[in-house]
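The structure appears below as C-alpha cells.
The values are calculated or read from the model by the stated rules, or taken from the named source; none is laboratory data. Here the structure is a predicted model, which means the values were calculated and not measured. As a convention, Cβ positions derive from the backbone with ideal geometry for all residues, glycine included, and neighbour counts pool all protein chains shown. Areas reflect the complete protein model, heavy atoms only, side chains present, ligands, DNA and RNA absent. Shrake-Rupley method; radii C 1.70, N 1.55, O 1.52, S 1.80 Å.
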Amino acid sequence: MQKFNQSAKFSWSNLIFIILFFCYFSCALQLYIALSGHSNFIGLRDAIIYSLIWLIPVLFFPNYTRKITAVYGIIVGGLSLISIGYFVIYRQEFSQSVFFVMAESNFNESHEFIQQYLSWKLVVILVVYILIAIYLWKKVKPVYVKNGTKWIVSMLIAIYAIMPLVISLTVKKNTFEEAYKHLLTRMETTVPWQLINSYIAYRSQLSSMEDILNHLQTLPKLENLTDANGDTPRTLVLIIGESTTRNRMGIYGYGRDTTPQIEQFKKDNPDLLVFNDVVSSRPYTIEILQQALTFADERHPDLYLKTPSLIYLMKQAGYKTFWITNQQTMTERNTMLTMFSKQADEQFYMNNDRNQSSRQYDESVFPPFKSVLADPAEKKFIVIHLLGTHMKYEFRYPKDGEHDRFRDKTGIAHSLDDDKLDVYNSYDNAVSYNDYVTTTLFKMFKQSHENGFILYFSDHGEDVYQTPPHDVLGRNEKAPTKTMYTVPFMLWQSPQWRATHPNNYQNYVDRKYSTQDLIHTWSDLAGLSYNLYEPQKSIVNPNFHQSTRWIGDPYDKNGLIDFDKLSH
C-alpha cells in the first residue's frame, strides 16, 4: 500500500472524474433506461453501487491510477459494448436469456443477424460511446487522501455493496444460497458482473430445464390416442394471457370501456364465444400452467412430471408445434415456462430483457405469428404466451393517446387516493392495450382463412384495488379474493371448422369452470380422445360435470379453498 503523499493535494475534480469514469460503462445505459421510461431507477442505483468498488484500488495505489483505469477501460469498457449494442438493437437489457437464444441459433441465423443489425446507427452510437470513454480516461488523475480516509471510504463502499446479502440473511432469514443469488441479482446491471452472472444463471437454469425435459421424454405416450379429424389440414391456436382479470374488462360488464376492440369483433363475429364464469386454480403463472397445460390439478399437483403435456399430446397427434412468447425466457422462475416451450418444434423468444419491469410490448408477437400461420405444415398447433397486464402496469402499454386513455376518476365506482388512482388507471390502460393485442391476433387468424379455432384465456387475475375495502394490490394465495382468480376465456372457430363441427357451445358459456382442466377442453375441441381424457372435465362437452373449483396451495395441508365460497 502506498503511503500518503504529504505534498499532494486532494482534488474534488480528480475524484469526480474518476467516479464518472468507473460508473460510465454501466451507468450510462442505466441512466438512459430510467430517463426514457423503459424501466425504473433501481438498475441505475445498483450500477452506481457496484461500479464504485473499482474506486478502492486507486485510493490505495494513486500512483498507478492511469494504469488501473486503462486496464479497467479496455476490459470492462470493451465488455460493456456488448450490452450497449444489444440494447440499441433490441431495446432490451442483456440477460441470461440472451445466452440461451444464442445457443439456440445456428450459424446461418447468426450471419443473418449480423447482416440485418450492423447498421450505421449502431456504429455511430458505439463510436460516440467509445469517444466519451476516452475523454473521461484522459481526465483521470490520481486522488490523494489520508490513509484513514482510504480505509473509511473503502469500508463504506464494501459494506453498502454486500448489504443486500446481509439483509437477506438477517432480516429476511433466507438461506445463504438464496441470499447469494439475491446479491448476484443486484449486481446484474453492472459490467462485468452482468455478463458473468448472466452466464452462470444461464448454465444453472439450463441444467435444471434439461433435467426436467430429459425426464419428460422418458414418459410413455398417451394410450389409445385417436383423432376424429383424421388428416384434415388445420391450425389450432392457444393464446395464454397474463395477470388479466375479467372483472376489469368491458366485455364482461366492467363500467369502463377497456375492451372496445374485442367487443367490436364480437359484433362483427357473433359466433365468438365469451365464457362468463371461468377461474384459475392458482394466482401464479408457473403453478397454473403446470396444471392447465398438463393433467395435473389441485388434487394431483405433481402429475405434470408424470404424464405428457398438452404440447406432447399435440405432437403425438401429428401436429407441428410452435411456441411464441413475450415472457422473459431464462429467469429462475421462468425456466419452467421455457421448459414448456422447448417441447415445441419451433420457438420464438421475443423478450430477453433482464428486467420484467421494462417496456417490452406484446405486439412483438405479431410478426412471428404471421410467419407461423404461413408455415406449410398441414396440422399446426400454435401457443402464444403474452406478457399481458403483468406488473408494473405502466410498462405494459405505449404512452400514446390510444392506449393511455384512463387518467382520472371517471367510471370508478369507489374513491381512491392519488397514488392508488394512478396504479388503478395504469392497470385499465394495460387491459386496454391487451384488448388491442388479443383482438389483433384473433383478426390475424381470421384473415389467414385457416381451418381451425383460436382460444384465449389468462393464466390468473390481478386485484388492483378492486375488492372492498380497495386496499389490495396484486395477488396473494394466503389472502385470496375472487378478482385474483376470475379470468377471460374466449373461443372463435373459423367458418370451415364450424361447417364440419356443428355444435351448441353457446349454451355452455355460463358453466362454472376451472382452467386446471384445460387439457380436457382442448382435447374435446380438437377431437382427440385417449385413455386419460375425461369428457366430464370439458366445458364444451354435453357430459360436463360441475365439480368443486378448488383454489390455493395444494402442497399446504389446509391450503385448498372452494372458490365459490369466497365472500369477495
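Here are the numbers:
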read-out	value
Asn507 vs. criteria free of Cβ contacts under 8 Å to residues at least 24 places away in the same chain and closer than 25 Å to Asn247 by Cβ	yes
Residue match in the range 530-538 (condition: within 19 Å of Asp297 (Cβ to Cβ), surrounded by 15 or more Cβ atoms within 10 Å (Cβ to Cβ), out of contact with any Lys or Arg (no Cβ under 9 Å at 6 or more places or on another chain) and among the charged types (D, E, K, R))	yes
Selected residue [in contact (Cβ under 8 Å) with a residue 40 or more places away in the chain, open to solvent by less than 30 Å² (accessible area, probe 1.4 Å) and farther than 29 Å from Tyr284 by Cα] from Gly461, Gly452, Gly474	Gly452
Qualifying residue in the range 204-221 (condition: outside any strand (DSSP E or B) and closer than 26 Å to Phe453 by Cα)	yes
Condition check for Ser432: of a type in the set (S, T, N, Q), within 20 Å of the chain's Cα centre (by Cα), farther than 20 Å from Phe369 by Cα and modelled with pLDDT of 95 or more	yes
Subset of the range 515-524 that is open to solvent by 10 Å² or more (accessible area, probe 1.4 Å) and touching a residue at least 60 places away in the same chain (Cβ under 8 Å) - its residue that is nearest to Trp497 (Cα to Cα)	Asp517
Residue tally, condition of a type in the set (Ser, Thr, Tyr) and within 13 Å of Met249 (Cβ to Cβ), over the range 414-435	3
Options Glu263, Glu287, Glu210, Glu298: the member that is of a type in the set (Asp, Glu) and buried (at least 22 other Cβ atoms within 10 Å of the Cβ)	Glu287
Verdict on Ala47 being hydrophobic (A, V, I, L, M, F, W, C) and surrounded by fewer than 19 Cβ atoms within 10 Å (Cβ to Cβ)	no
Hits in the range 337-349 - residues which are open to solvent by 30 Å² or more (accessible area, probe 1.4 Å) and either in a helix (DSSP H, G or I) or at pLDDT below 85 (or both)	Lys342
Some residue of the range 170-181 being touching a residue at least 40 places away in the same chain (Cβ under 8 Å) and under 21 Å from the mean Cα position of the chain (by Cα)	yes
Given (1) assigned to a loop (DSSP other than H, G, I, E, B); (2) more than 19 Å from Ala317 (Cβ to Cβ); (3) in contact with a Leu (Cβ under 8 Å, 6 or more places away or on another chain); (4) at pLDDT 95 or above, number of the condition Val540 does not satisfy	(2)
Top-ranked residue of the range 250-295 - restricted to ones that are in a loop (DSSP other than H, G, I, E, B) and among the hydroxyl-bearing types (Ser, Thr, Tyr), ranked as nearest to Gly452 (Cα to Cα)	Thr294
